[in-house]
1. Output the number of residues of segment 179-208 satisfying the condition of being free of Cβ contacts under 8 Å to residues at least 60 places away in the same chain and either outside the structural domain of G74 (by TED's automatic domain parsing) or assigned to a loop (DSSP other than H, G, I, E, B) (or both).
2. I want to confirm something. Restricting to segment 87-121 and keeping residues that are assigned to a helix (DSSP H, G or I) and not hydrophobic (A, V, I, L, M, F, W, C), which single residue is nearest to A195 (Cα to Cα)?
3. Going by what's in this entry, would G169 be described as modelled with pLDDT under 95, surrounded by fewer than 20 Cβ atoms within 10 Å (Cβ to Cβ) and either outside the structural domain of V285 (by TED's automatic domain parsing) or closer than 30 Å to D266 by Cβ (or both)?
4. Quick test of your reading of the structure: I130 fulfils all but one of (1) assigned to a helix (DSSP H, G or I); (2) touching a helix residue (DSSP H, G or I) at 6+ places or on another chain (Cβ under 9 Å). Name the failing condition by number.
5. Looking at I150, I175, which one is over 18 Å from C138 (Cα atoms) and outside any strand (DSSP E or B)?
6. Considering each of L28, L55, L36 in turn, give the residue that is part of a helix (DSSP H, G or I), closer than 27 Å to A264 by Cβ, more than 13 Å from the chain's Cα centre (by Cα) and not aromatic (F, W, Y).
7. Does Q211 satisfy the condition of being farther than 22 Å from E71 by Cα, at pLDDT 95 or above and touching an Asp or Glu at 6+ places or on another chain (Cβ under 9 Å)?
8. Limited to segment 162-207, what total is found for residues that are in contact with an Asp or Glu (Cβ under 6 Å, 6 or more places away or on another chain) and among the hydroxyl-bearing types (S, T, Y)?
Amino acid sequence: MRQRQEFHVDSTRYLDDHGKPLDGLPALAGDTDRVLAAYRNMVLTRTFDAKAIALQRTGKCGTYPSVLGHEVIGTAIGQSMVKTDVFVPYYRDQAVHMLRGVGLREMLLYWGGDERGSANWENCPEDLPIAVPIATQCCHAVGVASAMRIRGEERAVVCCVGDGGTSKGDFLESINLAGAWHLPVVFVAINNQWAISTPRSLQTGAETIAQKAISAGLPGHAVDGNDYFAASEALDIALERARGGKGATLIEAVTYRLGDHTTADDATRYRTAEDLKRAWEKDGVKRLQNWLHDNGIWDAEKEKALQAESKDKVEKAVEEYLATEPQPPTAMVDYLFETLPVALQAQRERIAAKYRGGES
C-alpha cells in the first residue's frame with residue numbers, strides 16, 4: 001500500500017508506525033521463520049551497536065558509526081541475498097554483515113583499527129570490505145557486476161550508499177553504467193535524512209532519491225526503510241530481476257539516523273530533540289516487535305530471553321576482541337601492497353628491528 005510519509009517522499013509501506021497492517025501484507029509475512037530470524041538479527045544488531053559505542057567512549061575502540069535506525073533495512077538486505085551474491089557495503093551495514101557471516105569480533109577489530117577485521121570474512125569471501133570513502137564503492141559494485149555479466153553468471157551485487165553519497169559523481173556514473181550495460185546490481189540508497197550535518201532538504205534538489213534512477217534508465221523504488229515487509233519485498237524483487245538478467249534497480253530506503261553520524265559527531269548541534277522524538281516513534285524494530293506480538297508469535301518472556309542471549313553473544317565477542325594479541329608495528333605497511341615496493345622494504349626492516357629490540 002502506498003501512503004504519504006513525513007519525510008517528503010511517497011514510499012511503499014505495509015505497517016503503520018505501531019506495527020498495524022495498513023492493508024494486505026506480502027506473501028513473505030507468512031514465513032514465520034524468516035520474520036522471527038529478522039527480528040532476532042535486529043535486536044542483536046542494536047545490542048552490538050550500543051556496546052561498540054560504549055567501547056569507543058572508554059577508549060577501547062576507534063571512531064564508530066552507529067547503525068541505530070538502519071537495523072530494518074540492513075536485515076532485509078542480508079536476508080534477501082544468497083551466498084553467491086556479492087555485497088558491496090558502505091560503513092553503516094553491521095546488520096547485513098551479521099547475516100553474511102561476519103563475526104562480531106571481526107567487526108570490532110575493524111573499528112578498533114586492526115586490518116584483520118577486513119580479512120576474515122570466510123562465509124562470503126567475495127564480499128568487499130567496509131568502505132568509509134563516500135560513494136567510491138559504487139564504482140567497485142559495477143565492476144563486480146560487469147564481471148558477472150561477462151561470465152554469464154546468475155548472480156547479483158548489492159551496493160549500499162547513504163543519501164549524501166547519491167550526490168557524488170561516483171554514484172551517478174555508476175548507475176549510468178549499470179543502466180547502459182544492463183548490469184546485475186541493486187543499489188540501495190539509505191536515506192536517513194542527514195549527510196553528516198547536512199539535512200536531506202539541502203543535500204539535493206531532487207524530490208526523491210529514487211527518481212535519480214530515471215536518468216540512468218533504471219527502475220527506482222522508494223520504500224519505508226523502517227517497514228520490514230516493504231523493504232524485504234522490494235529487495236526480493238530487485239535481486240530476482242538482477243539474477244535473471246533483467247538489469248539493475250535503485251531502491252531508496254527512507255529512515256532516520258537515530259544516533260550521531262559517528263562517535264566523533266554531536267548531532268544535537270544541528271537537529272532538534274523534537275525531530276528525534278518523532279523519528280523514534282517510527283522505529284522499525286519496535287514496529288516489527290508489535291506486529292509479532294499482535295499475531296501471537298512473540299511475548300514478553302521470549303523478548304527477555306532474546307535480550308539476554310544477544311547480550312551474551314556481544315559480551316563474548318568483546319572478550320575475544322579485547323584478548324586479541326595486537327599486531328606488530330610492521331602491520332602499518334603490510335596491508336598496503338601485494339608485493340612491498342623496494343623503496344619501503346628497508347623501512348619495514350628498520351621497523352621490524354626496533355620491534356624485535358623492544359622499542360615502541
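1. The number of residues fulfilling the criteria is 4.
2. Looking at residues that are assigned to a helix (DSSP H, G or I) and not hydrophobic (A, V, I, L, M, F, W, C), I get Q94.
3. On the way: modelled with pLDDT under 95: no; surrounded by fewer than 20 Cβ atoms within 10 Å (Cβ to Cβ): yes; either outside the structural domain of V285 (by TED's automatic domain parsing) or closer than 30 Å to D266 by Cβ (or both): yes.
Against the criterion (modelled with pLDDT under 95, surrounded by fewer than 20 Cβ atoms within 10 Å (Cβ to Cβ) and either outside the structural domain of V285 (by TED's automatic domain parsing) or closer than 30 Å to D266 by Cβ (or both)), G169 does not qualify.
4. Of the numbered conditions (1) assigned to a helix (DSSP H, G or I); (2) touching a helix residue (DSSP H, G or I) at 6+ places or on another chain (Cβ under 9 Å), the odd one out for I130 is (1).
5. Values: I175 fails: over 18 Å from C138 (Cα atoms).
Matching residue, one of I150, I175: I150.
6. Numbers: L28 fails: closer than 27 Å to A264 by Cβ; L36 fails: closer than 27 Å to A264 by Cβ.
Just a single option satisfies the conditions, and that option is L55.
7. On the way: farther than 22 Å from E71 by Cα: yes; at pLDDT 95 or above: yes; touching an Asp or Glu at 6+ places or on another chain (Cβ under 9 Å): yes.
Here the answer is yes, as Q211 does meet what is asked.
8. Residues meeting the conditions: 0.
The values are calculated or read from the model by the stated rules, or taken from the named source; none is laboratory data. Keep in mind that this is a model prediction, so the values were computed, not measured. Heads up, the Cβs are rebuilt from the backbone with ideal geometry, glycines too, and the neighbour counts pull from every protein chain shown.
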